[in-house]
Structure formats: structure tokens, C-alpha cells
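Colleague: Let me begin by handing over the structure; questions about it come next.
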């Protein structure tokens, strides 16, 4: 049995994607024979959260209890380095494969109440390959009897065609970032990027930058999409675009990953809320009983 369970493959033209049963994780995405994301082998687990779904909270959540709808969540801590709970609860849970077609698959999970998240909800993740690349659409449904809060994120690492990201450029259309403490939890300030090292509004080299930052106030196109781009020194470019339901994006250059994995790709993580949102309430999605919510983001190699 593979550690990530069943491997679901879809294709469209020269594009190939593999999604895993465990975590509905995006394991590989190749376009014209070139990696769009940094993937991992079928017999590996997704180190560094590669390709994982982050639900019912993305990023970091403080270990202290939080309260909503008169229920108390007690997340504990699994990020021992900073005593925080990392990246939600569904990363290691088996999803049910709902459908598989040539260029589309959908997986779902009924998340039952637990001490960390005392609410019942259903999350479906659909992967669709087409002329615009890979579109990932997530639908969340409240299966509880009370209003529920949540945040959602994803953790793809945008690939480069070179051994490391040195010499690559990064463009993040963000005018602000979330100020954090030494646990990387927000301190309540949104600060402008202009005039400091986090200003990537124009494409800028990642050389000398160790990034693990939450960006916000994103510039969007006429279709409401905000696009982060990574271009390697050989000219290969990957774009990640997110709809208005993702007003935050975490960018991580992999500086704390292990030997041979450090700074080999750039994690670009669309998020519906900032870190610690279940505690702060900042930009949480709240669903009434039976209510649905959906959001999409897209990946493609443009050169």
C-alpha cells in the first residue's frame, strides 16, 4: 500500500497530473514534460507539506483554545519549533474519490467534529486540466447544526528548471504583508511592502531573500484573479492565480527544509485568511447549517 493511498491520474493534451487519495494532495503536475510544481515520488510522504490541502485552517494556529458557536476548539501544537498547530486537519486523512474523467477528478471528505475543530463539515476538491492549465476548485458544506467557521489554503511548490531557486525572480502583486511575532502569528498589523525587502510587486530576484511571509492587498485582473509568478534563470515561468476568495498568499522559499530540499522551489500558498484566524476571527468564512461555499485557484507554466 502506497503511503498516500490511491493515485488518481488525469491528463489534457501535454499536461499530466497525479492526485493522491490521502489528503487530496496534488502530487505531480507536468506540462510539456516539464514540472509545474515540485512533486514527490509515489512511495514518499509529502515532505514540507508539498501539494497539500490546508483545512479547516491554513498556516499556523496558536495552541491555546478558541471558541465559536459556543463550542471550544483545542488545537494543541504540532509545529514543535514554534508551539503552533500547522496547516489544519485533513492533510493525512483519506478522501473518497467521487469521480474521475480524462481531465478531471473530484475527491471529498466528511470531517467529523474533533477537539481541534468541534464542527462537522464536508470538503470537496476538484482538479480540472484544460487550456488554461490546472484549476483547483474547493467546495465546503456545513454539515453541522450551528454556524461553523473555517479557513482554507493550499501548499504547492512552484518548480524551477534549475537545481535551486538561485537566479530566479519572483513577482507577488501584493501591497501589504501581515506582521507576525516570533511564533509567526499575527500581531494585528498590516504593513505596506513599499520601501522594504518584501516588495515584490515588480519581478525581483530571490537571491538573498529568505521568505516565509503572508502577503495581502492583492492587485487583481479584470476577472478578479491575482497572479504570483516564479521565473527561473533559464526563463521558465510558472503562474499561480487565485480568485477573490483568497485575499492572502503565503510565500516560502524553503529555507528550513532538509538537506537537498532547501531552496529548490518556491511555495506559493493561496489562503482565505491570515494565520491564527480561528482565534482572531480575521477574514474567516462562516457558513450557516447546510450552506455551501466554493473558491478556485489555477496553475500553469507559461514559458
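The values are calculated or read from the model by the stated rules, or taken from the named source; none is laboratory data. Everything numeric in this text was worked out from a predicted model, so none of it was measured. For neighbour counting, all protein chains shown are included, and Cβ atoms are generated from backbone atoms with ideal geometry for every residue, glycine included.
Colleague: Is there any pair linking a residue in the range 110-138 that is on the phi > 0 side of the Ramachandran plot and touching a residue at least 12 places away in the same chain (Cβ under 8 Å) to one that is outside any loop (DSSP other than H, G, I, E, B) and crowded, with 17+ Cβ neighbours inside 10 Å, with Cβ under 6 Å and at least six apart or on different chains, and which?
Modeller: Once the first residue is on the phi > 0 side of the Ramachandran plot and touching a residue at least 12 places away in the same chain (Cβ under 8 Å) and sits in the range 110-138, its partners that are outside any loop (DSSP other than H, G, I, E, B) and crowded, with 17+ Cβ neighbours inside 10 Å give 133/298; 133/299; 133/300.
Colleague: Any residue at all in the range 72-85 that's within 25 Å of residue 266 (Cα to Cα), touching a residue at least 60 places away in the same chain (Cβ under 8 Å) and under 15 Å from the mean Cα position of the chain (by Cα)?
Modeller: Within the range 72-85 (the criterion being within 25 Å of residue 266 (Cα to Cα), touching a residue at least 60 places away in the same chain (Cβ under 8 Å) and under 15 Å from the mean Cα position of the chain (by Cα)), the answer is no, since none of the residues qualifies.
Colleague: Before we move on, is residue 265 within 30 Å of residue 15 (Cβ to Cβ) and surrounded by fewer than 23 Cβ atoms within 10 Å (Cβ to Cβ)? Write out each step before concluding.
Modeller: Working: within 30 Å of residue 15 (Cβ to Cβ): yes; surrounded by fewer than 23 Cβ atoms within 10 Å (Cβ to Cβ): no.
Spelling it out, it is not the case that residue 265 is within 30 Å of residue 15 (Cβ to Cβ) and surrounded by fewer than 23 Cβ atoms within 10 Å (Cβ to Cβ).
Colleague: Can residue 33 be described as in contact (Cβ under 8 Å) with a residue 40 or more places away in the chain and surrounded by fewer than 21 Cβ atoms within 10 Å (Cβ to Cβ)? Step through it out loud before you land on a result.
Modeller: Working: in contact (Cβ under 8 Å) with a residue 40 or more places away in the chain: no; surrounded by fewer than 21 Cβ atoms within 10 Å (Cβ to Cβ): yes.
Taking the combined requirement at face value, the residue does not satisfy it.
Colleague: Next question. Given the conditions (1) in contact with a strand residue (DSSP E or B) (Cβ under 6 Å, 6 or more places away or on another chain); (2) within 30 Å of residue 105 (Cα to Cα); (3) buried (at least 21 other Cβ atoms within 10 Å of the Cβ), which single one is not true for residue 137?
Modeller: That leaves (3) as the condition not met.
Colleague: Given (1) touching a residue at least 24 places away in the same chain (Cβ under 8 Å); (2) surrounded by 16 or more Cβ atoms within 10 Å (Cβ to Cβ); (3) on the phi < 0 side of the Ramachandran plot, where does residue 163 come up short, assuming only one miss?
Modeller: (2)
Colleague: Does any residue of the range 40-55 turn out to be in contact with a helix residue (DSSP H, G or I) (Cβ under 9 Å, 6 or more places away or on another chain) and touching a residue at least 60 places away in the same chain (Cβ under 8 Å)?
Modeller: Step one: of the range 40-55, the residues in contact with a helix residue (DSSP H, G or I) (Cβ under 9 Å, 6 or more places away or on another chain) are 40.
From what is left, the residues that are touching a residue at least 60 places away in the same chain (Cβ under 8 Å) are none.
No, that holds for no residue.
Colleague: Kindly list, by first and then second residue, each pair from a residue in the range 179-208 that is at positive phi and without any contact (Cβ under 8 Å) to a residue 60 or more places away in the chain to a residue that is surrounded by fewer than 15 Cβ atoms within 10 Å (Cβ to Cβ) and in a loop (DSSP other than H, G, I, E, B), limited to pairs with Cβ atoms under 9 Å and residues at least 6 apart or on different chains.
Modeller: 208/197
Colleague: So, one more: Checking residue 48 against (1) surrounded by fewer than 20 Cβ atoms within 10 Å (Cβ to Cβ); (2) assigned to a helix (DSSP H, G or I), only one condition comes out false. Which one?
Modeller: The single condition residue 48 does not satisfy is (1).
Colleague: Looking at the range 194-216, which of its residues are within 16 Å of residue 180 (Cβ to Cβ) and in a strand (DSSP E or B)? Working first, answer last.
Modeller: Residues of the range 194-216 that are within 16 Å of residue 180 (Cβ to Cβ), as a first pass: 196-198, 210-216.
Selection gives 212, 213, 214, 215, 216.
Colleague: From the list 85, 41, 24, which one is outside any strand (DSSP E or B), surrounded by 15 or more Cβ atoms within 10 Å (Cβ to Cβ) and touching a strand residue (DSSP E or B) at 6+ places or on another chain (Cβ under 9 Å)? Show your work before the answer.
Modeller: Details: 85 fails: outside any strand (DSSP E or B); 41 fails: surrounded by 15 or more Cβ atoms within 10 Å (Cβ to Cβ).
After applying the criteria, what remains is 24.
Colleague: Residues to consider are 288, 250; find the one that is within 20 Å of residue 84 (Cβ to Cβ) and touching a strand residue (DSSP E or B) at 6+ places or on another chain (Cβ under 7 Å).
Modeller: Values: 288 fails: within 20 Å of residue 84 (Cβ to Cβ).
Within the list 288, 250, the selection yields 250.
Colleague: Let me ask you something else. Tell me whether the range 101-119 contains one or more residues that are within 22 Å of residue 247 (Cβ to Cβ) and surrounded by 22 or more Cβ atoms within 10 Å (Cβ to Cβ).
Modeller: The initial filter retains those residues of the range 101-119 that are within 22 Å of residue 247 (Cβ to Cβ), namely 117.
Among the residues that remain, those that are also surrounded by 22 or more Cβ atoms within 10 Å (Cβ to Cβ) are: 117.
Yes: the range 101-119 contains one or more residues that are within 22 Å of residue 247 (Cβ to Cβ) and surrounded by 22 or more Cβ atoms within 10 Å (Cβ to Cβ).
Colleague: Okay, next question. Quick one: which strands (runs of 3 or more DSSP E) lie wholly within the range 224-292 and hold at least 2 residues that are free of Cβ contacts under 8 Å to residues at least 12 places away in the same chain and within 22 Å of residue 46 (Cβ to Cβ)? Break it down stepwise before answering.
Modeller: Working: elements: 226-231, 237-242, 248-252, 265-271, 285-287.
In the range 224-292, there are no strands (runs of 3 or more DSSP E) which contain 2 or more residues that are free of Cβ contacts under 8 Å to residues at least 12 places away in the same chain and within 22 Å of residue 46 (Cβ to Cβ).
Colleague: In this structure, does residue 76 turn out to be exposed (fewer than 15 other Cβ atoms within 10 Å of the Cβ) and at pLDDT below 95?
Modeller: Numbers: exposed (fewer than 15 other Cβ atoms within 10 Å of the Cβ): yes; at pLDDT below 95: yes.
Yes, satisfied.
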